[in-house]
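First up is the structure itself, then whatever we jot down about it.
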Amino acid sequence: MFRIYKTLIAQSLEENMTYRTTTVLTIIFGIAFYAISIVAGGVYFSFAKTIYGWQFIDYLNLITTANLISYMYQLFFVVSHEELTETILQGNLDYSLLRPINSYWFHAFYRLDFPSTITVLLTVLVESMILWSRQPTIQQLILYILSVLLGVLFVFDINQIFVTATFWFDGLTSLTGIPEDIMNASARPSKIYPSLVRMIFLWFVPSLAVTNLPVEIIQRNYSWGSFLWVVAIDLLLLRLSYIEWQHGLRHYVSAD
Amino acid sequence: MMKYFFSFQNSLFTLLSYRTNFWVRIFTTLLSIGMSVFMWQAIYKFSGQETVAGIGQANMSLYLVIVNILTLVFSTEPIFRLSALIRSGNLSVMLLRPVNILMQGFFEYLGRSFPYLLIYMGVFWVVKPISNLLVGLGSLGLFLTIYVMFYMLVTLMGLSSFWLIQIWPMQPVFNACFFLLGGQLFPLQVLPKNFRWLLYNPFSLAGNQLTMLSIGDMSEEEFFRSFLWALIWILLLGVLIHLFWKRGNLRYEGVGM
């Protein structure tokens, strides 16, 4: 299994090195949007020192963590998901169905997006400085890392569900941007939202929980309930996407 | 003139026939509006002030709604239309037709933004009913001037396809410019005084200034300045488009890339 993944990684690296300009541009834009959120935060907190008990450093922690989650998703899965949509639509899935492998995981790990390693490293660096200033305990640190990984799994799950829906609907390309939009809107303190919106995005589609939880862990202001809830939803969505995939394969007719 | 009307009609019908795309854009805009409005409401609540940079809370919410609607009106579509024509070599077919390709592009642009223009005008009407004919005509005049200026800006970006191989980076560049320079995240008026010159960049004229006009928060002096700057940009962009078009046509081989 690891041998297959190693080959896929080597292929990704080769592709990324061939399109070097694209690589450089992707990095620049990735950083630019992160910088814009920091500028926006600077403006927000120039008018109010604290917002719902959050200081600028908490906000910085929030957007850095949210960006870290999204860059890690991009590094590991975004190209695979883009390719998968195309593969299903063009009816090219047959080749991977013939192979003696699990097609779900093969396509999930099909490509790495190497340029994203730079943006991941950059956010890790900024995040380390933020954490350094907050002096978390070992337990907090471990929970923080786990909650970031849970975030990546959550973003993978919802994207996988949208991408797999291509088996049934071919006009879905515009919808595949929705998970990204939802994650962008979730890169804000959950308390700013009205209670109904908060309830939906903390408990049903816990995108707000995913971005806010790591920060709350560092603020020592979290509950085990919300942590376990994110674990449960992540696993549930993963299972759902797997069942959806199996149904999709039965529906698949390999004509484009 | 009728031929341009057909271009307008075609692109309007194309937009309306891809209904999912249309509704997804509306949904995305609503998300963006929600995020900014709730963030600013929290800022007002915790700043302990009634106004931020002279803008009250209700007006700020209105500002954020309208500026986000304007991002729908001012799309990047012409960039990718021109780029596709140049890259595929299909520009040759267009050049043979007895139409002005940039004029045709303008009417396509108008068709594509028409539903969003109606939404914008509807909101404008509700927010600031126009009682004075002169003010109404002036507002319309400023809007049209900026609309033409913005079309020229995106056209110029599209014409760079004569030289560039990849055009997709234009979209994130454009989004980033609209976010910060266009006032989509916050009105540029909240910035310190020495950033005020930013108010007259093309993105700000289209986003920030037109929104200020719509919520009735624009002084006469600002109005005329914006008008003047829009005209200056039109002149400058006109010269550049002319240059790009001439030079680009010399480079263009019509065989696709």
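The values are calculated or read from the model by the stated rules, or taken from the named source; none is laboratory data. None of the values given here were measured: they were computed from a predicted structure. Note that each Cβ is placed from the backbone with ideal geometry, even for glycine, and that neighbours are counted across all protein chains shown. When the accessible area is computed, the model is the full protein with side chains, heavy atoms only, and any ligands, DNA or RNA have been set aside. Shrake-Rupley method; radii C 1.70, N 1.55, O 1.52, S 1.80 Å.
Side notes on the structure shown:
- Of the residues in the range A:157-175, not one is touching a residue at least 12 places away in the same chain (Cβ under 8 Å), over 30 Å from A:Gly91 (Cβ atoms) and of a type in the set (Phe, Trp, Tyr).
Every residue, every condition in (1) surrounded by fewer than 17 Cβ atoms within 10 Å (Cβ to Cβ); (2) within 30 Å of A:Ile88 (Cβ to Cβ); (3) touching a residue at least 12 places away in the same chain (Cβ under 8 Å), yes or no:
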residue	(1), (2), (3)
A:Ile200	yes, yes, no
A:Ser207	no, yes, yes
A:Val210	no, yes, yes
A:Gly225	yes, no, no
A:Leu240	yes, yes, yes
A:Ile243	yes, yes, no
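- Selection within the range B:216-235: residues that are free of Cβ contacts under 8 Å to residues at least 60 places away in the same chain and open to solvent by less than 90 Å² (accessible area, probe 1.4 Å). The member of this set that is nearest to B:Leu156 (Cα to Cα) is B:Ile232.
- Under the condition of being open to solvent by less than 60 Å² (accessible area, probe 1.4 Å) and modelled with pLDDT of 80 or more, the residues counted in the range A:13-30 number 3.
- Criterion: within 19 Å of A:Thr119 (Cα to Cα) and either among the polar types (S, T, N, Q) or more than 11 Å from chain B (Cβ to nearest Cβ) (or both) - qualifying residue of A:Thr7, A:Thr22, A:Thr50: A:Thr22
- Within the range B:15-27, restricting attention to residues that are open to solvent by 50 Å² or more (accessible area, probe 1.4 Å) and more than 7 Å from chain A (Cβ to nearest Cβ), the residue that is nearest to the chain's Cα centre (by Cα) is B:Arg25.
- When residues of the range B:171-186 are limited to those that are at the interface with chain A (Cβ under 9 Å from one of its Cβ atoms) and open to solvent by less than 30 Å² (accessible area, probe 1.4 Å), the one farthest from A:Ala40 (Cα to Cα): B:Pro172
- Check on B:Ile33, farther than 28 Å from B:Tyr252 by Cβ and at pLDDT 90 or above: yes
- Of the criteria (1) among the polar types (S, T, N, Q); (2) more than 14 Å from every other protein chain (Cβ to nearest Cβ); (3) touching a residue at least 12 places away in the same chain (Cβ under 8 Å), which one A:Ser128 fails: (3)
- Qualifying residue in the range B:123-142 (condition: surrounded by fewer than 20 Cβ atoms within 10 Å (Cβ to Cβ), free of Cβ contacts under 8 Å to residues at least 40 places away in the same chain and within 14 Å of another protein chain (Cβ to nearest Cβ)): no
- Pairing residues of the range B:27-44 that are under 10 Å from A:Ala185 (Cα atoms) with residues that are buried (at least 20 other Cβ atoms within 10 Å of the Cβ) and of a type in the set (Gly, Ala, Ser), at Cβ distances under 6 Å and at least 6 apart in sequence or on separate chains, gives B:Leu31/A:Ala185; B:Met35/A:Ala185.
- The one condition from (1) more than 21 Å from the chain's Cα centre (by Cα); (2) surrounded by 19 or more Cβ atoms within 10 Å (Cβ to Cβ) that B:Thr51 does not meet is (2).
The rows are residues; the columns are (1) open to solvent by 40 Å² or more (accessible area, probe 1.4 Å); (2) closer than 14 Å to B:Arg25 by Cα; (3) more than 14 Å from every other protein chain (Cβ to nearest Cβ).
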| residue | (1), (2), (3) |
| --- | --- |
| A:Phe156 | no, no, yes |
| A:Ile161 | yes, no, yes |
| A:Thr166 | no, no, no |
| A:Phe169 | yes, no, no |
| A:Ile182 | no, yes, no |
| A:Ala185 | no, no, no |
| A:Ile192 | no, no, no |
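- Candidates B:Ile69, B:Ile33, filtered to the one that is part of a helix (DSSP H, G or I) and either farther than 20 Å from A:Ile36 by Cα or not aliphatic (A, V, I, L, M) (or both): B:Ile69
- So B:Gln9, is it open to solvent by 40 Å² or more (accessible area, probe 1.4 Å) and within 14 Å of chain A (Cβ to nearest Cβ): no
- Scanning the range A:199-225 for residues that are under 24 Å from B:Lys45 (Cα atoms) and either at the interface with chain B (Cβ under 10 Å from one of its Cβ atoms) or aliphatic (A, V, I, L, M) (or both) yields A:Met199, A:Ile200, A:Leu202, A:Leu208, A:Ala209, A:Leu213, A:Val215.
- The listed residue being more than 10 Å from chain A (Cβ to nearest Cβ) and within 19 Å of B:Leu118 (Cβ to Cβ), out of B:Leu70, B:Leu96, B:Leu85, B:Leu30: B:Leu70
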